[in-house]
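Asker: Attaching a single structure in C-alpha cells format; questions to follow.
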Amino acid sequence: MSERSAGAEQVAAVLAPPPVAPPPPGRTRSALLPRLLIAPAVLVVAGMAIYPSIWSLWTSLHAWFPASGIPRRWVGLDNYIDVLSSARFWNAMKNLVYYVVVGVGVEMVLGIALALALVEFVRRAWVRVALLTLFIMPMMLAPAVVGDIWRFMFQRAGVLNYLLETVGLSAQNWTSAELGIWSVIVSDIWQWTGLTMLIVFAGRAAMPESLFEAARLDGASWWFRTTRITLPMLRELIIIALLLRAMDSYKLIDSLFIITNRGAPGTSNEVTGLMAYTTAFVDFDIGTAATITWLLGLIALVLMRLFWIAFRSNR
Amino acid sequence: MDDNRVQGITRAEAIKRGLYTLGALGLGGPLLAACGGDDEGGGAAAKTIAAPKTVDGKLDFGGVEIRALGDEFLGPIWEWYTDDLEKEANIQIAKPVKFAFGTESQAVTPKLIGNTDAPWNVISYAAWFLGDFVATGNLEPLDPYLKGFEGYSDYNAGVTPVFRELYCKSKGQTYALMADGDTHGFHYRVSYMENPTLQRSYRRQYNRDLGPPRTWDEYIELAAFLTKELKGDGVYGTQWATEPAVSWSWWLDTAGSLGVRYFDESMKPTINSDAGVKGLEIMLRLSESSPPGVENFSNNDTISNWQEGKIATQAWWQDLTEFAGKDSADTRLPGSMGSDGKIKITSAMAFSRLLSVPKNQPDEAKQAAVWAAYRISHPDYSLYSVADPYNGLEPYHTAHWTPEAVEQYTKPNPKRGTAKDYPENKGIFTSVERAQNHVDAIRTSTETGYPQPNWPGAGEYLRVLGTEIQAAASGQKTAKGALDDAADEWAAIVEKRGKEQQQQFYSAFLASAKRLGL
C-alpha cells in the first residue's frame, strides 16, 4: 500500500460516522423518532419561508388589488413583462447599483484605511478607543433618524449650503434628480464606514505583533507589510464586512425615503426596494409588488452565486 | 341552521382566512394579513338601526369611549369637543391617533382590508380614498343611522351638493360625512398689492392695475414681475408644492380651467390632451418665478415659506390666509380665457377630509361613533372648526356662509381654551369686512370647484399623475413628455384593475358630476 493511500484511509476513518451502539434489548430503534425531532424545525421553515415564498410567487402571476375589492385575476407573466419593460424599474435598479457599488465600495476603502491607521499610527490606547467610539457612534442611530439629520443638512437653507456660500460657492439642490442618490450615499458612508472599521480593527488588533516585527527586521516597508501581510490575513474579515454591508444596502428604503421625500423628484431617486414598497403599501398593487421582490430575489441569487464562484477561485 | 357557517362566516371563508393568516405569519408583515380576501365590498344592504337611547329626554350612549384617527391637518378638534360630546350624549373621547399628511394608504388601508377589529371608531381621511375604502367592505353605511338622528335632514340639505353627492357617497349610499371642504383660492400679500411704487411700476409695464390676476397668463406676468422686484429682499412671486401627494391639485386648477377631462368614453386617458399639457406648462412657467428648489417643495414647505413672508402670491387651499395672519388676503383663482371671451375658473376640490366609521366594531360603539362624527360635521360644532386657524378645515355647509359664521372668524373659538398645540384663541381677522372677503372667496371657489377622482384606484392614478408632474417640474421631462408617460401609466392601471369595472366607476362619477352641473 502506498503512503498516499494509507493517508487516504486514515482520513476516511476520521470522517466515517462513529459506530452506532445496538439498541438495548427489547427496544427497536424507530425510524419515526428522528423525523419527529426535526419536524418542528421543518414546519417552522415551511411555514415561515417556503410557503410564503411560493405564495408570493403565485401572487406575482396575478393582478390583485385587495384595497379596491377587485377579485384576484390570473395574468401569467404579464407583471414580469410590465416591470422589466418599465423605465421606472431600471432607473431604480441603476440607483441601487450606484448605491451598493459606490456606497459600499467607499465604505470598505475608508473603513479599512481608518482601521489600519488607528492600529498603526495611534499609539495611546485611550485615543484609539475614543476615535473608534466616535466612528461607530452613527451606527447606533436608527436609519430614520440618520435620514432626518441629513435631510436637514441637505435642505436649501441647510448647513452644507451655508458652508458652500461661506466660501463663495453657490448653494446646491442636494436632493435634485441629479444629486439625490449621491446625497443618500454620502449619508450612508457617514453611518456605516464604522462597521468595516470595527471589523478590520478587531482583526488587525488580534494579529501577533511579532509577525510585523519580523517583517520590519527583514526590511519590509509599511506598504509591503500592509499589502503582503495585513490585507491577505484580513481577507476573510473584509469579505464578511463587504457581505454584511452589501446585503444591508440591497434593502435600502428608510433613509432614502426621508432624505429624498420618497425618491423624489418624480421617481428619479427611487431604488427598487422603495418601488416595491410604494407599489405594495401605497398603490396596494400586490401582484406587481410581489413581482418586483421576486426579481430582486433572483438578482440577489445570481450575484451571490457569482460572488461565491469568484471567492472559491481565489482561495 | 346552515352548518356550512362558522360563527357568521362560511366554512370556505374560514379556511381562506386561515390560509391568509398563515401567509401573514410567514411574511411577518401586515401586508398579507391585510390581504384577507376578495370581498367585493360596498353595496351593503340597508339595515334598521334603533334610534339612539335617551335618558330623561337626553341622548345617552352609556359612556362608550370613541377613538378617532386622522391626519395632522385635522388639528385637535376631537380634543376641543370632548366635553361637549360627553355632556350632550355621554360619549367619552380617547386621545386621537394621528398620521402624517398624505399617508392614508399606510395608516388606514391595511387595517380596513385586514378585516380585523377596527382599532379606531371614527376615521378621517382625504376624500379620494372613499372608493378604495368602501371597496374593502369595511366601512359602515351611515344612512340607516343618520336617518334616526334629530335634525339630520336639515343638516344634510345644507351640505354643499358636490361634497354631499360626490365625495360622501358611493353607489348611492352615504359612507362619510364632511369634516373639511377643501378648494384652492388665490392668496396675496396685501402690503405688496398696495405698495405705490410697485403699483406704478406694474402699470407702466403691463398697462393694468396691480392686483389679483384674472387669467393664468396675467398670473405668470404678475409672478415674474413680483419676483423681479422683490427677489433682492428674498421674496418670490409665487410657489407651488411639487411633491406627488399634492402637485396634481394645482394642475386641476390650470388644466381644469382649460377643460381637461380624466378619460374619454372608451376609458382612454385624456390627461395628456392639449388642455392638460397647456395646464402643466402654465405651472412650469410659474415655477420660473418660484424660489430655488421648488421642484422638491412639500406641502409644508409652501406653508412655512408663506408664513415666513418669502412669497408674494400663490394658489393654495383657503386655509393659507388663515395660517398667515394680517398681511394675507385671498380671492378667486385666475382662469383661462375662452374663445367666447369669458374667463373659465376651476378650483381644485383637492383633499377634503371625510369622517367614516369602520364596520368591525361593537354595535354600541358604532352607533356612538356615527353620532360623534355627525356632531363634529354638524354646524353646531363645525362653525367653530372652520374658522379656527389651528386646523386645516374649510367650509362645506350653507351654515358656514351665514353672517354668524363670518363673524366667527373675528372671534375666539368658544369651544376651546388654549394649550401647547394651540397657544392662542382669538379671531383670525380683525374686521368683519375682511372675514366676509375671505368667506366670499371660499364660496366662489367652491362654486367653481373641480372634483378629484374618488373611485377605487384613485390613489394610484393621483400618485402617478403627481409623480410625473414633479418630474416635469424638476426638468427631467417636458410637460408633454410627463403627461404622455402619466397617460400610459393610467392606461396600464385601467387594464390592471379591470377596464370594465373602472369604466363603470368613471361613468358613475361623470354622471354624478353632470347631475351636479359640473
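The values are calculated or read from the model by the stated rules, or taken from the named source; none is laboratory data. Since the model is a prediction, treat every value here as computed from it, not as a measurement. Heads up, the Cβs are rebuilt from the backbone with ideal geometry, glycines too, and the neighbour counts pull from every protein chain shown.
Asker: Looking only at residues that are without any contact (Cβ under 8 Å) to a residue 60 or more places away in the chain and under 16 Å from B:V64 (Cβ atoms) in the range B:356-399, which one is surrounded by the most Cβ atoms within 10 Å (Cβ to Cβ)?
Answerer: B:P362
Asker: Then there's this: Checking B:G481 against (1) at the interface with chain A (Cβ under 8 Å from one of its Cβ atoms); (2) free of Cβ contacts under 8 Å to residues at least 24 places away in the same chain: exactly one of these is not met. Which one?
Answerer: (1)
Residues checked against (1) among the aliphatic types (A, V, I, L, M); (2) buried (at least 22 other Cβ atoms within 10 Å of the Cβ); (3) assigned to a loop (DSSP other than H, G, I, E, B); (4) more than 9 Å from chain A (Cβ to nearest Cβ):
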residue	(1), (2), (3), (4)
B:R443	no, no, no, yes
B:E460	no, yes, no, no
B:V464	yes, yes, no, no
B:A472	yes, yes, no, no
B:A492	yes, no, no, no
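Asker: With the requirement that a residue be closer than 14 Å to B:S257 by Cα and either touching a Ser or Thr at 6+ places or on another chain (Cβ under 8 Å) or not in a helix (DSSP H, G or I) (or both), what does the range B:203-218 give you?
Answerer: Matches in the range B:203-218: B:R214, B:T215, B:W216.
Asker: Would it be correct to say that A:R228 is without any contact (Cβ under 8 Å) to a residue 40 or more places away in the chain and of a type in the set (K, R)? Steps first, please.
Answerer: Numbers: without any contact (Cβ under 8 Å) to a residue 40 or more places away in the chain: yes; of a type in the set (K, R): yes.
So A:R228 fits the description; yes.
Asker: Hey, another quick one. Of the residues A:V83, A:V146, which single one is within 13 Å of chain B (Cβ to nearest Cβ), of a type in the set (A, V, I, L, M) and under 25 Å from the mean Cα position of the chain (by Cα)?
Answerer: It is A:V83.
Asker: Has the range B:393-406 got any residue that is assigned to a loop (DSSP other than H, G, I, E, B), in contact with a Gly (Cβ under 6 Å, 6 or more places away or on another chain), of a type in the set (V, I, T) and modelled with pLDDT of 95 or more? Walk me through how you get there before you give the answer.
Answerer: Filtering the range B:393-406 for residues assigned to a loop (DSSP other than H, G, I, E, B) gives B:393-396, B:402.
Imposing the further condition that a residue be in contact with a Gly (Cβ under 6 Å, 6 or more places away or on another chain) reduces the set to B:394-396.
Still in the list and also of a type in the set (V, I, T): none.
Within the range B:393-406 (the criterion being assigned to a loop (DSSP other than H, G, I, E, B), in contact with a Gly (Cβ under 6 Å, 6 or more places away or on another chain), of a type in the set (V, I, T) and modelled with pLDDT of 95 or more), the answer is no, since none of the residues qualifies.
Asker: May I pose another question? Filter the range B:131-159 for residues that are of a type in the set (S, T, Y) and in contact with a Gly (Cβ under 6 Å, 6 or more places away or on another chain) and give the result. Steps first, answer last, please.
Answerer: Initial filter on the range B:131-159 (of a type in the set (S, T, Y)): B:136, B:145, B:152-153, B:155.
Matches in the range B:131-159: B:T136 only.
Asker: Between residues in the range A:39-50 that are within 14 Å of another protein chain (Cβ to nearest Cβ) and residues that are part of a helix (DSSP H, G or I) and surrounded by 12 or more Cβ atoms within 10 Å (Cβ to Cβ), which pairs lie under 8 Å by C-beta distance while being six or more apart or on different chains?
Answerer: A:G47/B:L22; A:G47/B:L25; A:G47/B:G26; A:M48/B:L25; A:M48/B:G26; A:A49/B:G26
Asker: Which fully enclosed helices (runs of 4 or more DSSP H) of the range A:157-222 have 2 or more residues being over 30 Å from A:R123 (Cβ atoms) and within 34 Å of the chain's Cα centre (by Cα)? Steps first, please.
Answerer: Working: elements: A:159-166, A:180-205, A:209-217.
Output list reads A:159-166, A:180-205.
Asker: Could you say which residue among A:S85, A:S60, A:S53 is small (G, A, S) and either under 30 Å from B:S170 (Cα atoms) or buried (at least 18 other Cβ atoms within 10 Å of the Cβ) (or both)?
Answerer: Criteria check complete, one pass: A:S60.
Asker: Given the conditions (1) assigned to a helix (DSSP H, G or I); (2) under 16 Å from the mean Cα position of the chain (by Cα); (3) within 13 Å of chain A (Cβ to nearest Cβ); (4) buried (at least 24 other Cβ atoms within 10 Å of the Cβ), report the number of the one that B:N454 does not fulfil.
Answerer: (1)
Asker: Give me a count of the residues in the range B:162-190 that are within 19 Å of B:Q318 (Cα to Cα) and in a helix (DSSP H, G or I).
Answerer: Total meeting the criteria: 4.
Asker: Working only within the range A:154-183, note down all residues that are aliphatic (A, V, I, L, M), out of contact with any Phe, Trp or Tyr (no Cβ under 7 Å at 6 or more places or on another chain) and more than 10 Å from every other protein chain (Cβ to nearest Cβ).
Answerer: Result: A:V159, A:L163, A:L164, A:V167, A:L169, A:L179.
Asker: Right, something else. Given the conditions (1) in a helix (DSSP H, G or I); (2) in contact (Cβ under 8 Å) with a residue 60 or more places away in the chain; (3) not acidic (D, E), report the number of the one that A:V129 does not fulfil.
Answerer: Unmet condition: (2).
Asker: Which ones in the range A:93-107 are buried (at least 19 other Cβ atoms within 10 Å of the Cβ) and either without any contact (Cβ under 8 Å) to a residue 12 or more places away in the chain or under 15 Å from A:I238 (Cα atoms) (or both)?
Answerer: Scanning the range A:93-107 gives A:V104, A:E107.
Asker: Identify all residues within the range A:134-143 that are part of a helix (DSSP H, G or I) and either acidic (D, E) or surrounded by 12 or more Cβ atoms within 10 Å (Cβ to Cβ) (or both); write none if there are none.
Answerer: Hits for the range A:134-143 are A:F135, A:I136, A:P138, A:M139, A:P143.
Asker: Here are some conditions: (1) surrounded by fewer than 20 Cβ atoms within 10 Å (Cβ to Cβ); (2) at the interface with another protein chain (Cβ under 8 Å from one of its Cβ atoms); (3) modelled with pLDDT of 95 or more; (4) under 29 Å from B:Q106 (Cβ atoms). B:D488 meets all but one. Which one does it not meet?
Answerer: B:D488 satisfies every listed condition except (2).
Asker: In the range B:165-178, is there at least one residue being of a type in the set (A, V, I, L, M, F, W, C) and surrounded by fewer than 20 Cβ atoms within 10 Å (Cβ to Cβ)?
Answerer: For the range B:165-178, residues of a type in the set (A, V, I, L, M, F, W, C) and surrounded by fewer than 20 Cβ atoms within 10 Å (Cβ to Cβ): absent.
Asker: Taking B:E281, is it within 26 Å of A:R262 (Cβ to Cβ), surrounded by 16 or more Cβ atoms within 10 Å (Cβ to Cβ), in contact with a Gly (Cβ under 9 Å, 6 or more places away or on another chain) and not hydrophobic (A, V, I, L, M, F, W, C)?
Answerer: Answer is no for this residue.
Asker: Mind listing whichever residues of the range A:272-301 are within 15 Å of the chain's Cα centre (by Cα) and either more than 14 Å from every other protein chain (Cβ to nearest Cβ) or closer than 28 Å to A:W174 by Cα (or both)?
Answerer: Selection gives A:T272, A:G273, A:L296, A:I299, A:A300, A:L301.
Asker: At least 1 residues that are surrounded by fewer than 20 Cβ atoms within 10 Å (Cβ to Cβ), within 14 Å of chain A (Cβ to nearest Cβ) and modelled with pLDDT under 95 in each: list the helices (runs of 4 or more DSSP H) lying fully within the range B:38-149 that qualify.
Answerer: Values: elements: B:77-80, B:82-89, B:104-107, B:109-113, B:130-135, B:143-146.
Answer list for the range B:38-149: B:104-107.
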